[in-house]
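The values are calculated or read from the model by the stated rules, or taken from the named source; none is laboratory data. This structure is a prediction, so every number in the text was calculated from the model and none was measured. For neighbour counting, all protein chains shown are included, and Cβ atoms are generated from backbone atoms with ideal geometry for every residue, glycine included.
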Amino acid sequence: MSQDELSGLIARTALGDRVAFSSLYSQTSAKLFGVALRILKDRAQAEDALQEVYVRIWRRAGSFRVGQASAMAWLVTIARNQAIDLIRARQPATLEYDEAPEVADAAPDPEARAVLSGESRRIDTCLSELDADRATAVVAAYVEGLSYQELAEQHAVPLNTMRTWLRRSLIKLRECMSR
Amino acid sequence: MSTGTHRPDDNALAGEYVLGVLPMSERRKVEERMARDSGFAALVASWQTDLAHLDEAYQPQTPPQGVKARVDARLFAEAAKPAGGLWGSLVFWRGLAFASLAAAAAFGIYSGNLVQQPAPGSAPALIAELGAPGSSVGLIAALDPAEGAFTITPAAFSPDDGKSLELWLVPGEGAPVSLGLVPSDGGRLVLDQPLVQQISDGALLAVSVEPLGGSPTGVATGPVVLSGSLSKN
């Protein structure tokens, strides 16, 4: 199903159309269950998460804006947020790291340039400009929903180091994508 | 959209939020900031768009049956309106409940081993054996109030194709309240917390046959096939 058709289903769901909502479920639930499973790594929890995700989709369909995000990206964002919130809720609510380490000097705001240039390069092109282990950390954090604590353990570095790495990597990515 | 005033740190923070690495308290703080700072919210949206290319890594997995029915039950069962006819008749319900208990005793179809044995210390607080007079149909619903979920064990009943079974709480007064669809192969039926609080020892449950996906109107439309009351295990 095309993004346009999915957008149409979300729009009709926002109007309270239960038939459209059912179509949306049948077209997208496998993808979103895949998201929940990948992050939660537990079928029962992923099933509970999926239920919550579609309750949210029904309630928030009105906030979807065509053109702001692709329909599937919007849906995946809801699923990722739900799954990540569920695992973070079982972890410490705060982490003992220093306040947000400074990541860069006062370069011109890259985001402003991104807006001016009108198009972004694809994330994978820019990931390839990072050191391989840092690119791996960014992708694992996103896809698997890893916490800073888990990333630090995987890479065998202190928490603060991990955070500094990742924040610098993010700034480099943003700079690359707005070139 | 004004993003020109944002510092690199804000960019990194928005990226951290979208990656999902932050602990819970910081996730909530970022969300509060998104709500009051549209420029910062635009940074988050920009990261979401860029990182969405990584969504290709998520392989579709067919979800278990029954999830959609539970979603619908949560979203659409709340608008229950007072019902007329048999549904409004308390005498009918009490009679049916009594008859179902008699049927259960007569047919001996309800044995404890139909309910999955819970771990010690986590026994369901309330159990209902739902049956109908004169036939060996039935299912067992065990409510764990702490979890807000029923565990449903089907015994010998399944609806015809294209039909769903819907579970109702029948209050002493007023209209039955939908608790959701009976999972076709049994399993968990998660309730909204306000519903859980309406359910207590002695509460009467009933199951009706509804169109696939449940009653379209929020009140039972099909025949009542099973009923029974909750009691302590």
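The table below gives the values:
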quantity	calculated
Segments classed as helices (runs of 4 or more DSSP H), wholly inside the stretch A:1-104, with at least 2 members that are more than 8 Å from chain B (Cβ to nearest Cβ) and under 30 Å from A:Met162 (Cα atoms)	A:18-40, A:43-60, A:71-88
Options B:Glu56, B:Glu16, B:Glu32: the member that is free of Cβ contacts under 8 Å to residues at least 60 places away in the same chain, within 8 Å of chain A (Cβ to nearest Cβ) and among the charged types (D, E, K, R)	B:Glu16
Output for the stretch B:197-212, where each listed residue is crowded, with 19+ Cβ neighbours inside 10 Å and small (Gly, Ala, Ser)	B:Ala206, B:Ser208
Residue check, B:Leu230 modelled with pLDDT of 80 or more, within 27 Å of A:Ala49 (Cα to Cα) and touching a strand residue (DSSP E or B) at 6+ places or on another chain (Cβ under 6 Å)	no
Test: residue in the stretch A:132-154 that is farther than 21 Å from B:Ala52 by Cβ, touching a Leu at 6+ places or on another chain (Cβ under 8 Å) and more than 9 Å from chain B (Cβ to nearest Cβ)	yes
Index of the failed condition, B:Pro64 passing every other in (1) under 31 Å from the mean Cα position of the chain (by Cα); (2) surrounded by fewer than 19 Cβ atoms within 10 Å (Cβ to Cβ); (3) in a helix (DSSP H, G or I)	(3)
Checklist (1) under 16 Å from B:Val67 (Cβ atoms); (2) among the hydrophobic types (A, V, I, L, M, F, W, C); (3) touching a helix residue (DSSP H, G or I) at 6+ places or on another chain (Cβ under 7 Å) applied to B:Val170, failing item	(1)
Conditions (1) of a type in the set (S, T, N, Q); (2) in contact (Cβ under 8 Å) with a residue 12 or more places away in the chain; (3) more than 18 Å from A:Ala83 (Cα to Cα); number of the one not met by A:Ser22	(2)
Near pairs, Cβ below 9 angstrom, 6+ apart or cross-chain, from the stretch A:149-171 (part of a loop (DSSP other than H, G, I, E, B)) to any residue that is small (Gly, Ala, Ser)	A:Pro158/A:Ala152
